[in-house]
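Asker: Have a look at this one.
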Amino acid sequence: MTVAHSVIDVHAHIGRTITSDVGQTVDEWIAEMAASGVTRSVISVAAGGLQTEGIIDTRRANDAVAAAVVAHPGLFLAGLGSVEVRHGLAGVAEARRAIDELGLKGLAFHATFEGFTVRSAAFSAVLDAVASTPALILLHSTPDPKASPSAIAQVAADYPLLTFVMGHPLFTEDQRSQAVRAVTATPNLHVDIAYQADPAVTEYFVREVGASRVLFGSDAPFFSARDVIRSVEQAEISDDDRAAIFSGNAEALLASL
């Protein structure tokens, strides 16, 4: 697929979610990037992976992300660590290790798959561990209260040194409306447009919050990167806005970390 712009995918995963048996290896994602037109990406572990050995499995997954970033620096701009909130103090320690020792640029969470709510004390304990670091936090947004846009905005407001990306807050009209209010009111909160193929979604968020707060993401392998790219290319927005969404905004955010 030929794309007119450089494309940075801030929402791509390696590993496998056991409930759906969806996943991909690093090599499979690299091949899909080339086929779909994704130039570079930020990678994180697919949530809901196997946890037979608990924190040991989490550490292995984070080690794999860090190794992929080191092996392919031209393709992977950054890696985000995975932490199981239910691991308690062991998870808090792993959050610090992911950033301090592995050099990952932040953390990614999926409240539904990982069994917590973003307004819980257990989740706050994990964020407290990295709160003094200018890290990137990817939070998969859900229509339910576990990780609604409004709840994510409250979390982001509590941690002004962290940069938050709200993943795919677009499944219901209420979720989209909440996302607009959340991003508008919270300077360190941004939205990605993953998991959809509708140009109107891009147009909606550009109109309501401005292109500078919108990031390109696919949620690969759970959704096709090429379909999200096509939706942005077909959206009725300016070419400058399109370039910002595809790569400019991500470059600026990552440069600040």
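Asker: If Arg213 passes every condition in (1) closer than 24 Å to Ala35 by Cα; (2) in contact with a strand residue (DSSP E or B) (Cβ under 9 Å, 6 or more places away or on another chain) but one, which one does it miss?
Answerer: (1)
Asker: Could you list, in sequence order, the residues of segment 182-209 that are part of a helix (DSSP H, G or I), farther than 19 Å from Leu162 by Cα and not hydrophobic (A, V, I, L, M, F, W, C)?
Answerer: Listed by number, the residues that qualify are Pro199, Thr202, Glu203, Tyr204, Arg207, Glu208.
Asker: Related question: Which residues, taken from segment 35-51, are among the hydrophobic types (A, V, I, L, M, F, W, C) and open to solvent by 30 Å² or more (accessible area, probe 1.4 Å)?
Answerer: Ala35, Leu50, listed by residue number.
Asker: With the structure loaded, tell me whether Glu233 is without any contact (Cβ under 8 Å) to a residue 60 or more places away in the chain and either open to solvent by 30 Å² or more (accessible area, probe 1.4 Å) or hydrophobic (A, V, I, L, M, F, W, C) (or both) or whether it fails that test.
Answerer: no
Asker: Ok, one more. Just the residues that are hydroxyl-bearing (Ser, Thr, Tyr) and either loosely packed, with under 15 Cβ neighbours inside 10 Å or not in a strand (DSSP E or B) (or both), please, taken from segment 153-172. I'd like the intermediate steps shown before the answer.
Answerer: Of the residues in segment 153-172, the ones hydroxyl-bearing (Ser, Thr, Tyr) are 159, 163, 172.
Passing the criteria: Tyr159, Thr172.
Asker: Another question, if that's okay. For a quick check of your reading of the model, give me the residue pairs whose first member lies in segment 189-211 and is closer than 18 Å to Ala252 by Cα, whose second is aromatic (Phe, Trp, Tyr) and in a loop (DSSP other than H, G, I, E, B), with beta-carbon atoms closer than 8 Å and at least 6 apart or on different chains.
Answerer: Here the result reads Asp192/Phe216; Ile193/Phe216, each pair linking segment 189-211 to a residue that is aromatic (Phe, Trp, Tyr) and in a loop (DSSP other than H, G, I, E, B).
Asker: Restricting the search to segment 2-34, which residues are at positive phi and open to solvent by 50 Å² or more (accessible area, probe 1.4 Å)?
Answerer: Within segment 2-34, Asp21 is the sole residue that qualifies.
Asker: Moving on to the next point. Determine the pairs where a residue that is of a type in the set (D, E, K, R), located within segment 138-154, has a partner that is in a helix (DSSP H, G or I) and surrounded by fewer than 23 Cβ atoms within 10 Å (Cβ to Cβ) with Cβ atoms under 9 Å apart, the partner being 6 or more residues away or on another chain.
Answerer: Once the first residue is of a type in the set (D, E, K, R) and sits in segment 138-154, its partners that are in a helix (DSSP H, G or I) and surrounded by fewer than 23 Cβ atoms within 10 Å (Cβ to Cβ) give Asp144/Thr112; Lys146/Thr112.
Asker: Here is a further query. Quick one: in segment 13-55, which of the residues that are farther than 21 Å from Gly217 by Cα and aliphatic (A, V, I, L, M) is modelled with the highest pLDDT?
Answerer: Ile55
Asker: Still on this structure, please answer the following. Please find, among Ser247, Ser212, Ser177, the residue that is surrounded by 17 or more Cβ atoms within 10 Å (Cβ to Cβ), in a helix (DSSP H, G or I) and of a type outside the set (D, E, K, R).
Answerer: None of the others qualify; the one that does is Ser247.
The values are calculated or read from the model by the stated rules, or taken from the named source; none is laboratory data. Since we're looking at a predicted model, the values are computed, not measured. Every residue, glycine among them, receives a Cβ derived from its backbone with ideal geometry; neighbour counts consider all protein chains shown. We work out accessible area using only protein heavy atoms, side chains counted, and drop any ligands, DNA or RNA first. Shrake-Rupley method; radii C 1.70, N 1.55, O 1.52, S 1.80 Å.
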